[in-house]
Amino acid sequence: MWQALLVMEVATLLGASFLYLLAARAGRGLVYRYGRYMHLTPERLDRAERWLLRRGSMAIVLGRVTPGLRIATVIACGVFEVPLWRFLPSLALGAFLYILMYTLLGYFLGPTVLDVVAAVHLPLGVLGSLVPLILLLVWIARARRALDLGPTTEAGAADRRHRWRDGAVAGGLATVVSTLTMNVLVHAAGGLVLLEPGDLIERTRARLAVLVFVQIIGPVLLLAAVPAFMAVGVFWGAVYAEWVEPHLHWPDWLSGVFFALLPLSVALVVVLPLLGSASTAVEPLGPLAAVSEAVRHLAYGAALGVTYPLRLARVPARWRRTRANLPASVAHSTS
């Protein structure tokens, strides 16, 4: 019991601290700019700041034990610059109470809960990735509509100095979208054939490049591999924004998909052969690995293409409308 509680507490502290630092780096301006697309108006954010400042550590503890507020509490603490010396102890206490409550529920009601979960194995597996995927896609669509963006944009022409930075952010978000997409496809595949869902899922996982990589490195190195996996997506996003997107004048999603052929080629020529040689003790990858990587990269490219233009939120609306009404060739020449 104590080992399980310790591991979950450490994992929560690491993940939440990273999110806190990221929110603190992004700053209040970024939250004000994009928060309105999720009904986080400046007024609501200001009220949240006053609540945090008035209640102090207790607000952080209560936020961490309240479902639906756990992540928002960490982001708010970073954005509103709650001192680290106050944030970390309150985070540790709130996280431990939350973990302890659910662990004890599992300890005393475990067999009953497992029987219920086993009966709805496939729906839970799908929903665990499908719900956040839908929320992300809806947010992206609403943000593009609020910015009055057409199918084709010249996003790279604005604020050229920060193209790589905005591309890196879009690359990180696209990595999350593509990963969730693959999770949904793997779990949903179980309902399309006459095999037991768990059996098909395990067979599929044994041949997916990303999951074979996890098996090879083991659970300990996974803590370092996950940030590295995200860093690769961030890197390709910066490359797309800095050197590729300014030269493509197709619909945003198509430009992203076209660019994704480059990292896909690297994966097929370099990464898959390395994994194949290292995974002989696990199971041969087979052609499914190449197919899964192609699907993942195409999802990444499409998400990158439609997300990167959200950088235009920082430029005047008049500029966006003017460029949206110009033909692509003319718009490019004026940039």
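The values are calculated or read from the model by the stated rules, or taken from the named source; none is laboratory data. Everything numeric in this text was worked out from a predicted model, so none of it was measured. Cβ placement follows ideal geometry from the backbone for every residue including glycine, while neighbour counts extend to all protein chains displayed. We work out accessible area using only protein heavy atoms, side chains counted, and drop any ligands, DNA or RNA first. Shrake-Rupley method; radii C 1.70, N 1.55, O 1.52, S 1.80 Å.
Confirm whether residue 182 is under 19 Å from the mean Cα position of the chain (by Cα), at pLDDT below 90 and surrounded by fewer than 16 Cβ atoms within 10 Å (Cβ to Cβ). Walk me through how you get there before you give the answer.
Working: under 19 Å from the mean Cα position of the chain (by Cα): yes; at pLDDT below 90: yes; surrounded by fewer than 16 Cβ atoms within 10 Å (Cβ to Cβ): no.
So residue 182 does not fit the description; no.
Report yes if some residue within segment 210-218 is modelled with pLDDT of 95 or more and open to solvent by less than 40 Å² (accessible area, probe 1.4 Å); otherwise report no. Looking through segment 210-218, none of the residues is modelled with pLDDT of 95 or more and open to solvent by less than 40 Å² (accessible area, probe 1.4 Å). Residues in segment 65-75 that are surrounded by 23 or more Cβ atoms within 10 Å (Cβ to Cβ) and either on the phi > 0 side of the Ramachandran plot or touching a Leu at 6+ places or on another chain (Cβ under 6 Å) (or both): 74 only.
Would you point out the residue of segment 259-275, among those that are over 12 Å from residue 294 (Cα atoms) and touching a helix residue (DSSP H, G or I) at 6+ places or on another chain (Cβ under 9 Å), that is most open to solvent (accessible area, probe 1.4 Å)? Let's see the steps before the verdict.
Here is the first cut: in segment 259-275, the residues over 12 Å from residue 294 (Cα atoms) are 259, 269-271, 273-275.
When the remaining residues are screened for being touching a helix residue (DSSP H, G or I) at 6+ places or on another chain (Cβ under 9 Å), the result is 259, 271, 275.
Values: 259: 6, 271: 64, 275: 18 Å².
Across segment 259-275, the extreme among qualifying residues is 271.
Within segment 65-86, the set of residues being in a helix (DSSP H, G or I) and within 28 Å of residue 131 (Cβ to Cβ) comprises 65, 70, 71, 72, 73, 74, 75, 76, 77, 78, 79. Checking the structure you have, find out if any residue of segment 305-314 is among the hydroxyl-bearing types (Ser, Thr, Tyr), surrounded by 15 or more Cβ atoms within 10 Å (Cβ to Cβ), modelled with pLDDT of 90 or more and in contact with a helix residue (DSSP H, G or I) (Cβ under 9 Å, 6 or more places away or on another chain). Yes, segment 305-314 contains a residue that is among the hydroxyl-bearing types (Ser, Thr, Tyr), surrounded by 15 or more Cβ atoms within 10 Å (Cβ to Cβ), modelled with pLDDT of 90 or more and in contact with a helix residue (DSSP H, G or I) (Cβ under 9 Å, 6 or more places away or on another chain). Restricting attention to segment 1-20, the residues being open to solvent by less than 40 Å² (accessible area, probe 1.4 Å) and either of a type in the set (A, V, I, L, M, F, W, C) or outside any helix (DSSP H, G or I) (or both) number 2. Return the pair list, or none, for Cβ contacts closer than 7 Å from residues in segment 146-163 that are polar (S, T, N, Q) to residues that are part of a loop (DSSP other than H, G, I, E, B), at least 6 apart or on different chains. Final answer for the pair search is 152/249; 152/250; 152/251.
On the stretch given as segment 77-131, residues that are surrounded by fewer than 18 Cβ atoms within 10 Å (Cβ to Cβ), modelled with pLDDT under 85 and closer than 24 Å to residue 19 by Cα total 6. Scanning segment 45-62 for residues that are under 29 Å from residue 4 (Cα atoms) and touching a Gly at 6+ places or on another chain (Cβ under 7 Å), which turns out modelled with the highest pLDDT? Only one residue tops the list, namely 61.
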